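See structure below.
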There are 2 protein chains.
Amino acid sequence: MNDTFLRACRNEVTEYTPVWFMRQAGRSLPGYRALRKKYDVLTLTQTPELAAQVSLEPIERLGVDAAILFADIMLLPIAMGMDVKIVDSVGPVIDDPINVPTDIDALRPFEPQSVDFLQQTIRLLRQDLKVPLIGFSGAPFTLASYMIEGKPTRQWLKTKRFMYEQPEAWHRLMKLLAEASVLYLHQQVVAGAQALQLFDSWVGCLAASDYREFVLPHMTYIFDELRKENVPLIHFGTDTSGLLQEFASVNADVIGIDWRADMARARAIVPADKAVQGNLDPMLLLGNEALLYRRVDALLQSMPEKKGYIFNFGHGVQPETDDTRLKALVEYVHDN
Amino acid sequence: MNDTFLRACRNEVTEYTPVWFMRQAGRSLPGYRALRKKYDVLTLTQTPELAAQVSLEPIERLGVDAAILFADIMLLPIAMGMDVKIVDSVGPVIDDPINVPTDIDALRPFEPQSVDFLQQTIRLLRQDLKVPLIGFSGAPFTLASYMIEGKPTRQWLKTKRFMYEQPEAWHRLMKLLAEASVLYLHQQVVAGAQALQLFDSWVGCLAASDYREFVLPHMTYIFDELRKENVPLIHFGTDTSGLLQEFASVNADVIGIDWRADMARARAIVPADKAVQGNLDPMLLLGNEALLYRRVDALLQSMPEKKGYIFNFGHGVQPETDDTRLKALVEYVHDN
């Protein structure tokens, strides 16, 4: 097996820089787009043969050094009883979101067998994969935000209001989600996931002080628990430059860096015993080729030792991205 | 005149911490809300008596230490020939945005007399005000984004694509906007504005490397030109934690800090000869009182010297905010 990615996660020096892309499974690839004409996103995630096929496509087509399970962060809230629809060009929509603390009581405890299909997908994938498989979960803040807002937002007004006005209920919800995600990720490791990533996609809307008080204790709990799984742990969030000290303080092996950050500065903030992953702006793949490679070169030069560094975007691949450019980028990073 | 705000802008020690709030004029106040039932936003900004009334309301009602001209950042693109509508609960909408480089040729050079109404508003205000009056403009990146996207966005896909694919056209547009904003702000000072703020509300979507290449040269030009006006200059942007070094490198007197940032860390990044302004999350005003004042105390304690510090939010006042809470907050900051 190609274990370059796993060695970089463990902060080791690697012969070349390993690469994978957030959202590499799905979104921009032709095989996935063809499947999406027949099936909706949730059906794809819940059908092991199809989910495995989607997860494998970027390995075969792009030559990346790690696979990521094709799933959706809303599978966990769905398993806890939330009625979630994934609406095209909108995102997750919940008609009956959490409005008051008693709504939390209506959540079901997470039962691992409710996502048996994920375990089956992972087992299928492990039969074929020659690169490590990453399992993942949304982090509690991001999940709670979706569950409270009911739809994507630019302001997180309902979420912050709930958090500020009902701190006890907030912490109760975060604890429930933290415990559920530990169990959810444990099941993925049992089935064969070889690394785990927590996606806190929305946490960057918070002030550092709010992060410390309302989020960090739950992330600390999660990473301390996941240590027992004995696989590399990745903590990724977007828009985390203002709270990177706190974000990078959890017991993770790898810190995923948002595209806005200057990688050299971020590297200096992340503790030296942790690896880093990131952080090209995925929008660069839609623009001028010379500029793209100028930025790639600068990023690679900021990590001259090839030690504990995983090349990735600072956010998910854009759906409009040309996969031949992604493939060329993987080759370039491997060769430089 | 109460010049506490101006002295803080000049990085001096003040007897108490001066306060004003971004978006204090308009949005949440009852007088403004009553006017909005009769007039649309652009009509209010273009009618000097009404705009002056809106600008004065927070001074009388809240007791803040500075007034800001009631205007809209889209007045400058409008003056340059863009057809802009301000749509309720959406924001600025442009049906015919900039799509290709030749669309830039269709822009009219900015002519100061096209915004004579702003000068009249400023003159009216200066007759009544006992606190300094801040003039402002949107910064070129934020204006260009609106002009290219045609509506508020969460991704800035069109903007980045234009910038990455057409760098020459991009710089031409930025230069046009930079020159226009210098002229636009000069007219405000001539009429009586006593400080100037550049709002780069959207620039935080950029990687630090992109900021350095595509934005910073134009901001450097603007601040170097505005130095001649001999009034304090404030540079504000949201989501700037990843590029604060560059953002704070321009020839401004005051750097406005986004709410996500930890103020003590931001203060350490901003050069010591510059003042700072910010950075409470305005959403805190919608939540629990004890938490709000815990955060206010922490912010004030991070600036123990009361030197070169202006209390503000890290973003505009939320429309839902109760003005009696704003008034109490102003008094509290003055007393502590």
Go through region A:272-293 and give me each residue that's over 16 Å from residue A:21 (Cα atoms), within 9 Å of chain B (Cβ to nearest Cβ) and outside any loop (DSSP other than H, G, I, E, B). A:291
Could you please give the count of residues in region A:203-219 that are within 14 Å of another protein chain (Cβ to nearest Cβ), of a type outside the set (D, E, K, R) and out of contact with any strand residue (DSSP E or B) (no Cβ under 7 Å at 6 or more places or on another chain)? 9
Of all residues in region B:156-193 being under 17 Å from the mean Cα position of the chain (by Cα) and small (Gly, Ala, Ser), which is surrounded by the most Cβ atoms within 10 Å (Cβ to Cβ)? B:193
Which ones in region A:195-234 are outside any strand (DSSP E or B), among the hydrophobic types (A, V, I, L, M, F, W, C) and either in contact with a Gly (Cβ under 7 Å, 6 or more places away or on another chain) or closer than 25 Å to residue B:265 by Cα (or both)? A:202, A:203, A:205, A:206, A:207, A:208, A:214, A:215, A:216, A:219
In region A:283-320, which residues are surrounded by fewer than 21 Cβ atoms within 10 Å (Cβ to Cβ) and of a type in the set (Phe, Trp, Tyr)? A:293
If we scan region A:128-150, do we find a residue that is within 14 Å of chain B (Cβ to nearest Cβ), of a type in the set (Gly, Ala, Ser) and touching a Cys at 6+ places or on another chain (Cβ under 9 Å)? yes
Filter region B:304-319 for residues that are in a loop (DSSP other than H, G, I, E, B) and under 22 Å from the mean Cα position of the chain (by Cα); the one that is farthest from residue B:30 (Cα to Cα) is B:308
Do we find a residue being within 17 Å of the chain's Cα centre (by Cα), among the hydroxyl-bearing types (Ser, Thr, Tyr), outside any strand (DSSP E or B) and within 19 Å of residue B:240 (Cβ to Cβ) anywhere in region B:133-142? yes
Residue selected from region A:159-194 under the condition in contact (Cβ under 8 Å) with a residue 60 or more places away in the chain and farther than 25 Å from residue A:121 by Cα, by the criterion farthest from the other protein chains (Cβ to nearest Cβ): A:176
Given the condition among the hydroxyl-bearing types (Ser, Thr, Tyr) and either part of a helix (DSSP H, G or I) or more than 12 Å from chain B (Cβ to nearest Cβ) (or both), answer yes or no: does some residue in region A:320-328 qualify? yes
Over region A:219-234, the set of residues under 17 Å from the mean Cα position of the chain (by Cα) and touching a residue at least 40 places away in the same chain (Cβ under 8 Å) is A:219, A:222, A:226, A:231, A:232, A:234
Looking for something within 30 Å of residue B:213 (Cβ to Cβ) and not charged (D, E, K, R) - is there at least one such residue anywhere in region B:111-133? no
Please state which of the following conditions residue B:305 fails to meet, knowing it meets all the rest: (1) more than 13 Å from every other protein chain (Cβ to nearest Cβ); (2) touching a residue at least 12 places away in the same chain (Cβ under 8 Å); (3) under 25 Å from residue B:32 (Cβ atoms); (4) out of contact with any helix residue (DSSP H, G or I) (no Cβ under 6 Å at 6 or more places or on another chain). (3)
Taking only region A:235-256 into account, find how many residues are assigned to a helix (DSSP H, G or I) and either farther than 19 Å from residue B:283 by Cα or out of contact with any Ser or Thr (no Cβ under 6 Å at 6 or more places or on another chain) (or both). 6
Could you look through region A:217-238, keep only residues that are aliphatic (A, V, I, L, M) and under 22 Å from residue A:315 (Cβ atoms), and pick out the one that is surrounded by the fewest Cβ atoms within 10 Å (Cβ to Cβ)? A:233
Specify the residue that is surrounded by the most Cβ atoms within 10 Å (Cβ to Cβ); the eligible residues are those in region B:239-255 that are more than 14 Å from chain A (Cβ to nearest Cβ) and out of contact with any Pro (no Cβ under 9 Å at 6 or more places or on another chain). B:250
Going by the conditions given, is residue A:269 within 26 Å of residue A:321 (Cα to Cα), modelled with pLDDT of 95 or more and more than 9 Å from every other protein chain (Cβ to nearest Cβ)? no
If I ask for residues that are outside any helix (DSSP H, G or I) and over 25 Å from residue B:328 (Cα atoms), which ones from region B:30-66 would you list? B:39, B:40, B:47
If residue A:200 passes every condition in (1) touching a residue at least 12 places away in the same chain (Cβ under 8 Å); (2) surrounded by fewer than 24 Cβ atoms within 10 Å (Cβ to Cβ); (3) within 14 Å of another protein chain (Cβ to nearest Cβ); (4) of a type in the set (Asp, Glu) but one, which one does it miss? (2)
Residue set A:323, A:262; condition farther than 22 Å from residue B:242 by Cα, in contact with a helix residue (DSSP H, G or I) (Cβ under 7 Å, 6 or more places away or on another chain), buried (at least 17 other Cβ atoms within 10 Å of the Cβ) and acidic (Asp, Glu); output residue A:323
Among the residues of region B:19-37, count how many are on the phi > 0 side of the Ramachandran plot and among the small types (Gly, Ala, Ser). 1
In region A:16-66, the residues that are touching a residue at least 60 places away in the same chain (Cβ under 8 Å) and charged (D, E, K, R): A:23, A:27, A:49, A:61, A:65
Can you pull out the residues in region B:87-102 that are buried (at least 16 other Cβ atoms within 10 Å of the Cβ) and not in a loop (DSSP other than H, G, I, E, B)? B:92, B:93, B:94
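The values are calculated or read from the model by the stated rules, or taken from the named source; none is laboratory data. Only a predicted model underlies this, so the values are computations on that prediction, with no experimental measurement involved. Quick reminder, even Gly has a Cβ in these numbers, built from the backbone with ideal geometry, and neighbours come from all protein chains shown.
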